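Enquirer: Structure in structure tokens, see below.
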Amino acid sequence: MTYTERVKLSINTELEAIKELVAHNEVDYETICDVLMQCKGKVVFMGVGKSGHIGKKLAATFASTGTPSFFVHSTEAVHGDLGMIQPQDVVILISNSGNTKEVLSNLPTLKIIGCPTIAFTSNPSSDLAKACDYCLAYPKHEEADALKLAPTSSSTLTLVLGDAIACALSDAKGFNRKDFHLYHPAGSLGKQLNEEA
């Protein structure tokens, strides 16, 4: 197989995963989005590894589109960073398997804090899904690498679904270009919005 063929095969694998996500009807988006809309604090993303990287990006997207948010690394959390989280926050815990120990280890303290928790996983029967108040489950799909092991399709689905929810919340809040400019005054987007002002 040529490099070009391998690249296109991986792209198509992830594309099929997204198509499956669009057709997936096993998540109550209305309830999940309502919980996030009613959040009086911040939306906190937690994860490790590739899920952690996706969590950082989603926190940045939520924040820039009108939903205050930040990321806490699951391992750092149990070494003191859980103190960043308050009862009025909503915590989204990301784990593709839903059984990642570093993520699960935060649940006892989060329960004591009393903040709502959302499992973000491909396994609605997992320990994480069972322990959280809500579950945001995307369809399990084969990974795009030759070994079918590296987080590729799974991390893409997490990113796409998280972005989509951020966009839905932003739209529901009536977040407009002026609001976006307030949070994004620099760079090419800031320049474009400056010129419009």
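The values are calculated or read from the model by the stated rules, or taken from the named source; none is laboratory data. Since this is a predicted model, take the numbers as computed values, not measurements. Here the Cβ is made from the backbone with ideal geometry for all residues, glycine too, and neighbour counts use every protein chain on show.
Enquirer: Could you name every one of the helices (runs of 4 or more DSSP H) located completely within the range 119-197 that has at least 1 residues being of a type in the set (Asp, Glu), exposed (fewer than 14 other Cβ atoms within 10 Å of the Cβ) and touching a Lys or Arg at 6+ places or on another chain (Cβ under 9 Å)?
Expert: Qualifying helices (runs of 4 or more DSSP H): 187-196.
Enquirer: Taking the range 1-26, which residues are within 19 Å of residue 150 (Cβ to Cβ) and not in a helix (DSSP H, G or I)?
Expert: Residue satisfying the conditions is 1 alone.
Enquirer: Among the residues of the range 104-113, is there at least one that is within 17 Å of the chain's Cα centre (by Cα) and surrounded by fewer than 16 Cβ atoms within 10 Å (Cβ to Cβ)?
Expert: no
Enquirer: Let me ask something else about it. Could you tell me whether any residue of the range 89-97 is surrounded by 17 or more Cβ atoms within 10 Å (Cβ to Cβ), modelled with pLDDT of 95 or more and assigned to a helix (DSSP H, G or I)?
Expert: Looking for residues that are surrounded by 17 or more Cβ atoms within 10 Å (Cβ to Cβ), modelled with pLDDT of 95 or more and assigned to a helix (DSSP H, G or I), one finds none in the range 89-97, hence no.
Enquirer: State whether the residues of the range 30-39 include one that is assigned to a helix (DSSP H, G or I), farther than 18 Å from residue 121 by Cβ and in contact with a Leu (Cβ under 9 Å, 6 or more places away or on another chain).
Expert: Looking through the range 30-39, at least one residue is assigned to a helix (DSSP H, G or I), farther than 18 Å from residue 121 by Cβ and in contact with a Leu (Cβ under 9 Å, 6 or more places away or on another chain).
Enquirer: Scan the range 19-38 for residues that are more than 20 Å from residue 95 (Cβ to Cβ) and either acidic (Asp, Glu) or crowded, with 19+ Cβ neighbours inside 10 Å (or both) and report the count.
Expert: Result for the range 19-38: 2.
Enquirer: Would you tally the residues in the range 68-88 being touching a residue at least 40 places away in the same chain (Cβ under 8 Å) and surrounded by 22 or more Cβ atoms within 10 Å (Cβ to Cβ)?
Expert: Final tally of qualifying residues: 1.
Enquirer: If you don't mind, there's one more thing I want to ask. Identify the residue in the range 6-27 that is free of Cβ contacts under 8 Å to residues at least 60 places away in the same chain and among the charged types (D, E, K, R) and, among all such residues, is farthest from residue 141 (Cα to Cα).
Expert: Going through the qualifying residues, I end up with 8.
Enquirer: Quick one: would you say residue 170 is closer than 20 Å to residue 31 by Cα, of a type in the set (Ser, Thr, Tyr), more than 16 Å from the chain's Cα centre (by Cα) and at pLDDT 95 or above?
Expert: no
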